[in-house]
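Since the structure comes first, as structure tokens, the remarks are kept for the end.
Nothing in this text is a laboratory measurement; each read-out follows from the coordinates by a stated rule. Computed from a prediction, not measured in an experiment: that's the story for all the values here. Please note: Cβ atoms are built from the backbone with ideal geometry, for glycine as well, and neighbour counts cover all protein chains shown.
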Amino acid sequence: MELNIYGLKCDNSNCDYQDKSIKFEEYEKYINYPCPECSEPLLTQADFDTTMQIVKFAEIAQKLGFTNENSAPGELVKVQVELDGTGIPRFNLGGKHED
Ligand SMILES: [Zn+2]
């Protein structure tokens with residue numbers, strides 16, 4: 001299981017500001033950091049807490065040897081996580097055709 005956690009996106013649905021250069025390790029500094037364009041928070045405390053839980057879960061899953069049963073042995077499962085300020089994550093599983 002591979003988590004791609006990086007970048008922050010503005011929580012305001014009318015604003016498309018995002019910064020993909022922000023690393024996961026830097027997230028803590030961006031809690032309640034105002035968007036440069038609309039001053040909505042880029043990362044809420046709730047979203048940060050959720051992100052940390054996801055990371056912890058992924059670490060445990062990795063230790064237990066968890067793999068996605070739909071993927072070939074040894075294949076990494078890519079999971080993209082989207083958060084919109086509510087603390088409720090939306091998961092996008094990569095590597096599959098969903099069009
Ligand atoms: Zn914004």
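Quick notes
- Within-15-Å neighbourhood charge of MET52 [Cβ basis; K, R +1; D, E -1]: -3
- LYS29-ASP49 pseudo-label distance in nm [points 7 Å out on the Cα-to-Cβ vector]: 2.5 nm
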